[in-house]
Amino acid sequence: MDQFKQKAIEEAYELIADLEASLLVLEDNSDDKSHISKVFRIMHTLKGNSAMFGFDYIAEYTHHIESIYDLVRNDKLKLNKDIFDLTLNSVDHLNLLLEDVNLEVEANKTRHQAKLSELISFVKKINTLIESGVAFIDLDAGKIPQESVIVPEPEPIPEPIEIVEETKSEPVIEAELPAVEESKVLITTYLVSIVPHKEMLQMGTNPVFLFDDLADLGLIDVYSEIVSDKMSFNELNPTQCYVSWKVILSTSHGEDAIKDVFIFVESDCDLEIKKISDDSIFEKQDALNEIKKIIGFTETKSILDLNYTFEQIAKPVIKEENSKVVASTPKSTADAPIVPVTTVEVKKVEKVATQSTTAKDAAATSIRVPSERLDTLMNLVSELVTTQARLSMYAETSDNTEVSAIAENVQKLTRQLRDIAFNICLVPIQNLLTRFQRLVRDLSAELKKDVELYIEGSETELDKSMIESLSDPIMHILRNSLDHGIEMPEVREKLGKPKKAAIHIRAFYSGANVIIQITDDGAGIDLDKVKNKAISKGLVAPDAILTKKDIIELLFLPGFSTADKITGVSGRGVGMDVVRRKIMDIRGEVDVDTKPGVGTSMTIRLPLTLSIIDGLLVEIDGVSYIIPLSVVDKCYAVEHSRILSSYNNIIVLDGEQIPFYYMREEFNSKTSAPSTEQIIVVRYEEHRIGIVIDTIIGEYQAVLKPLGKMYKKQDMISGASILGDGTIALVLDSNKIIKRFSHQELS
Amino acid sequence: MNELSALTSYLSFKLGDETFAANVSKVLNILEMTKITKVPKAPDYMKGVINLRGTVLPLVDTRIKFGLTATEFTANTCILVLDIQIGEDSLQVGGLVDAVQEVLEIEPHQILPAPNIGSKYHSDFICGMYKASEEQFIMILDMDKVFSAEELMTVQETSQAIH
């Protein structure tokens, strides 16, 4: 059961996230009916799920919010900011409740009670207004209008019979006659009355299957009845059950067998089983009619001609005359009309059932998979890639052509499998970004600033593990923007900027990277202030000449903050250094660009995948290295003498001057270089740089393994990969090499 | 193997002329020499990385770490795969030793306190001495300390290197 609960909680988290997103959309289009219904629907599902798994607190709480939105949905209440605030607060509270579903922590309990009473009083307030006869409540209006603009016409109460048609989806089963020899078997007739609780359908119970099971026991006849005919059509909730049934069952099985049918729904309905005859009542048309009359069924009210069916069923048995009058028939005083709905043969029901399963299959376009399973999948694929490399290697060295062919096939398949496995692990960045809508909304209200968050490219996909680690950094950047970057509305007006500030989050692909750009149109970073602060903190010498880039770099120092005062939002100095470190942990980079008065832009650059890359396998001084293929532009063979004679590490290739990086020198190789070396031109942003290596071995799918903490300092190497022969190749981080290179150039 | 025997069993190995011992609970594996991939620009004592059944294992030259000359590879040279506890994390690391000797049963009372002065070895690493015979002492090492000190150094260097 616990695993189900876990699932339910996971699902609830998702629902709440959906709810929050929908609420935020709704806030902008508060008259949009479809969004109101969506919000209502999500809450309803949440309530149903919670009740089903015994999360009573959540169910109760959601119920109250739901009732508010029910009024909104029925045009009885106008949405306003108060309601939004209340519901958004509730969303937060629901998240808390999910963490502690049974309110075991005392603090949570008191908090829940406070929240609940707040909510209830709000609901009560509205209810009193409604009871006082107000048809439409607009809480924003200073006084409650006595007559509203939109008066929803109460729907005329439809004839009960209409509702029956509405619920026709519950087909009633008429069993085919089981081929039983008549006389020998002791047949008893029961009247089974089933009054389902309203929520029965929400538990996933399908009454049709119950009748199906009953039909297996013997002959049955089902009559349905509307539980409450005083309801208007509008009040009907399609997820609730308003029908009850009476079943006449002639069976050779005992009462216990009938009870067994209802074993799973016992708690969801009121069940009554009465013995009405010691015979099969279907054998006696008269008696049957008599019973029908007693339980309230009259022929005139039938929609379909049931007689025909009855006769058909009764015919074979009717021959046997048994005039025993059923005297023990119980008296029923039910006034409600009982109407047989339709008669369907069991076969037909089966058909319906199969249809519904196929419909279900078609709907199942996505499935939920625990993320650990995906991690395992990725690990296995990684192992497979490594093993495949071994096979390829073996195939190359052996003379067996058949093995070579197989190895080639395996290689192709592995590549496809790898790509698919990667795709599975990609999630759209949307889930992450919608969270921030809320943050910006709340924070801008708190800071009394007027800010709108625009999100572009939310369909961009990223490895799921990266998405998790991105949340904090982006949140931090947004907080910084809101607190320091964006000016107060009055200031903005004076500056001739639009009063409403804008923050844009753009996510897009760029080569083998995903780039997330966060831009605001605020004041920008005051570079002089940053510099002065750094000088006063003794981080740089007062006479140091710093470029813009250098100053921006200062922002990433631990404990650096230019905020004059510490606010609850930001300014504590635990800031950009943490952001950078977190992004670096997932092999990403952060860049800042700013223009005073115009705004600041933060660019997060991330690799597409974390674990397997296509690489170029090369050799330097007898050691294998891998350069990610995504950054490789071109390869050239160059005489060693040309490299020796080049001035300032610049070489002319294809008529273009390209600075190069001599890896042998960098790695302090002691052996002598080969006479012909290779230059691999790699690209990074606007730079093109050559990396000089000994030889190129070939293309290689590299499964990245971390080098571990012991080698943290080796920033030119981003990981290692195991080759087919079991040796290790180191993965060169070309971006870092280039950065280092350009840094050396500067200094 | 029960816990108690794990606690009193020690693996002895040679570095140069001296014999050391490490608690077997720290030693996951003993490997023969295998191909080492050198990591460029790493400190001297970081010998490189090796492939341990598909994972990349960093390799430390224990001799350099202990102030001796770099290990010369012989037929007896072995790699001890060690499980090092650094704070909360456990870390696997390979240590090069000149030769592996035997597994000794040493009761706690047989362990003599480590001498504080006159030792050319960093006495922090040594948690006690065991008198194997009249002329031979075995130094019992605290492997966590031997390797975590390293780790600390690397981390510190990294943080200094930020700017």
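The fewest-to-most ranking of A:SER67, B:SER148 by surrounding Cβ atoms within 10 Å reads A:SER67, B:SER148. Taking GluC sites (Glu not before Pro) across region B:42-135, the ones in a DSSP loop with at most 12 further Cβ atoms lying within 10 angstrom of their Cβ are B:GLU72, B:GLU88, B:GLU134, B:GLU135.
Other residues lying with their Cβ under 14 Å from the Cβ of B:ASN29 contribute a combined charge of 0, Lys and Arg counting +1, Asp and Glu -1. Taking the Cα centre of region A:2-131 as origin and assigning +1 to Lys and Arg Cβ atoms and -1 to Asp and Glu Cβ atoms, the resulting dipole is close to 420 debye. Count charges around A:GLY622 for me, please; just the other residues with Cβ under 12 Å from its Cβ, Lys/Arg as +1, Asp/Glu as -1. Neighbourhood net charge equals +1. Sorted ascending by nearby beta carbons within 10 Å, beginning with the fewest, A:PHE233, A:PHE122, B:PHE20, A:PHE211 become A:PHE233, A:PHE122, B:PHE20, A:PHE211. Shown in residue order for region A:646-656 are the 3J(HN,Hα) couplings computed by the Karplus curve 6.51 cos²θ - 1.76 cosθ + 1.60 at θ = phi - 60°: 6, 9, 6, 6, 10, 10, 9, 10, 6, x, 10 Hz (x for Gly and Pro). Under 5 Å between amide hydrogens, built in the peptide plane, is the criterion, and for B:ASN29 it picks out B:VAL81 among residues at least 5 positions away or on other chains. Look at the stretch B:34-46: the mean tally of other chain Cβ atoms within 10 Å of its residues' Cβ atoms is 6. By the Stokes-Einstein formula, at 1.306 mPa s and 10 °C, region A:441-607 with its Kirkwood radius over alpha-carbon pairs has D equal to 95 µm²/s.
3J(HN,Hα) along region A:52-66: 5, 9, x, 8, 5, 4, 5, 4, 5, 4, 4, 4, 5, 5, 4 Hz, from the Karplus curve 6.51 cos²θ - 1.76 cosθ + 1.60 with θ = phi - 60°, whole Hz, x for Gly and Pro.
Averaged over the residues of peptide A:268-281, the number of Cβ atoms from other protein chains lying within 10 Å of each residue's Cβ is 0.
Taking amide H as placed 1.01 Å from N in the peptide plane, A:GLY524 has its amide H under 5 Å from the amide H of A:GLY597, A:GLY599, A:THR600, each at least 5 places away in sequence or on another chain. Database remark: amide H of B:ILE126 closer than 5 angstrom to the amide H of B:ASP142 (H placed geometrically; neighbours at sequence offset of 5 or more, or on other chains; Pro and chain starts carry no H).
Each residue of region A:25-37 was assigned a 3J(HN,Hα) from its phi angle through the Karplus expression (A = 6.51, B = -1.76, C = 1.60, θ = phi - 60°), giving 5, 4, 4, 7, 10, 6, 9, 6, 4, 5, 6, 4, 5 Hz with x at Gly and Pro.
Shape descriptor for region A:413-537: Rg over Rh equals 1.10 (Cα atoms; Rh from the Kirkwood inverse mean 1/r). For peptide B:48-56, the mean count of partner chain Cβ atoms within 10 Å of a residue's Cβ comes to 6. For A:ILE545, A:ILE679, A:ILE406, A:ILE722, the sequence from fewest to most other C-beta atoms within 10 Å is A:ILE545, A:ILE406, A:ILE679, A:ILE722. Projecting the Cα atoms of A:GLY588, A:VAL514, A:HIS476 onto the charge dipole of region A:441-607 (Cβ charges, centred on the Cα centre) puts A:HIS476 farthest toward the positive pole.
If you wrap the Cα atoms of region A:612-746 in a convex hull and average its projected area over all directions, you get 8.5 nm². Packing here is the average count of other Cβ atoms within 10 Å per residue, and on that basis the peptides A:482-493, A:664-675, B:28-39, highest first, run A:482-493, B:28-39, A:664-675.
The numbers here are math on the coordinates, done by the rules we state, and not lab data. These figures come from a predicted structure and were not determined experimentally. Glycine also receives a Cβ, built like all others from the backbone with ideal geometry; neighbour counts cover every protein chain displayed.
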